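The structure appears below as C-alpha cells.
The values are calculated or read from the model by the stated rules, or taken from the named source; none is laboratory data. All values reported here derive from a predicted model rather than from experimental measurement. Every residue, glycine among them, receives a Cβ derived from its backbone with ideal geometry; neighbour counts consider all protein chains shown. Please note that ligands, DNA and RNA were not included when accessible areas were found on the heavy atoms of the full protein model with its side chains. Shrake-Rupley method; radii C 1.70, N 1.55, O 1.52, S 1.80 Å.
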Amino acid sequence: RDQLSITMVCLGNICRSPLAEGIFNAKIKGLGLEKKIKSDSAGTSDFHIGELPDERTIRCATKNKITIHHRGRQVHRTDFREFNYILAMDEQNLKNLIQLKEKTPYQNTNVHLMRNFAAGGTGLPVPDPYYGGEKEFEEVYQILDEALDGFLSHLKGEHPHLFE
C-alpha cells in the first residue's frame, strides 16, 4: 500500500486525540511524508461530535507551533477499514476499540496503546487533562510528542519504503 492512515482515539475527541493528530501531522509534514501518511482522530463516545477541540488543547498546540484542524467525531466500524493503525490513549478506550473491531469484518487494522511506542514501551495511559489546567495539557503534549516519535520509528521499521 502506498499510503498509510492512522487515527488517534480518546474518549471525547476534544483533548488528547486532536492534540496527538496535530503533533503527528506536524511531524509527517516535517519529514515531507504528508502524501504518504495521513492521520485523523476520533472519540469512543458521542459527547462532542462536531465540536472544536477544547480551547486549552488549541492553546497548548499553538504554544508548541502545532495547528489543529479538527471537529470531534465518534469512532465508527468503518474506521477499521479506513485506517491501518488506531492508537488509543488509555486501556478503557483500547478495550472499547477492540470490542468494536470484533464486530466488524475488517481485521487488518493494528490497534495499539499510544504509550507503548514511548521509550521503554510503558503501557501507561496518556492522562486525560480535561479536569486539569495548562500544566496538565503541556504534560500530555510532551507525552504524545515522545510516543509519536517512537511510533514514527515503528512505522519506519514496518514500512521502510514510505520513508525513502
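Extension gain for residue 45-residue 124 works out to 26.3 nm (0.36 nm per residue, less the C-alpha to C-alpha distance). A simple spin-label model places the labels of residue 106 and residue 159 1.4 nm from each other, with each point 7 Å out along Cα-to-Cβ. Measuring with a 1.4 angstrom probe and ignoring ligands and nucleic acids, residue 47 comes out at about 130 Å² accessible. Under the convention that each Lys and Arg Cβ holds +1 and each Asp and Glu Cβ holds -1, the size of the dipole of the range 17-161 around its Cα centre is about 540 debye.
Rank 141, 120, 107 by how far each Cα sits towards the positive end of the charge dipole of the range 14-164 (+1 on Lys, Arg Cβ; -1 on Asp, Glu Cβ) and give me just the farthest. The one lying farthest along the dipole's positive direction is 107. For the chain, which whole-number percentage of the solvent-accessible area (1.4 Å probe, protein heavy atoms only) is attributable to carbon and sulfur atoms? That fraction is 51 percent. Residues 153, 45 ordered from highest to lowest accessible area at a 1.4 Å probe: 153, 45. On the principal axes of its alpha carbon atoms, the chain extends 40, 36, 31 Å, with the longest extent given first.
Placing +1 on the Cβ of every Lys and Arg and -1 on the Cβ of every Asp and Glu, with no other charges, gives the range 93-164 a dipole of roughly 460 debye about its Cα centre.
How much length is gained if the chain between residue 3 and residue 65 is pulled fully straight, taking 0.36 nm per residue apart and subtracting their Cα-Cα distance, in nm to one decimal?
In short, 19.7 nm is gained.
The Cα center of the range 128-164 and the Cα center of the range 1-62 differ in position by 11 Å.
Whole number in Å², please: accessible area per residue of the chain, 1.4 Å probe, ligands, DNA and RNA not counted.
Per residue, the chain has 51 Å² of solvent-accessible surface.
Counting only Cβ charges, +1 for Lys and Arg and -1 for Asp and Glu, the dipole size of the range 1-97 around its Cα centre is about 360 debye.
Highest first, please rank the peptides 8-19, 82-93 by the mean number of other Cβ atoms sitting within 10 Å of their residues. Write down the numbers at each step before the final one.
Numbers: 8-19: 28.2, 82-93: 21.9.
Packing order, densest peptide first, comes out as 8-19, 82-93.
With the highest mean first, a sort of the peptides 65-73, 144-152, 127-135 on other beta-carbon atoms found within 10 angstrom per residue produces 144-152, 65-73, 127-135.
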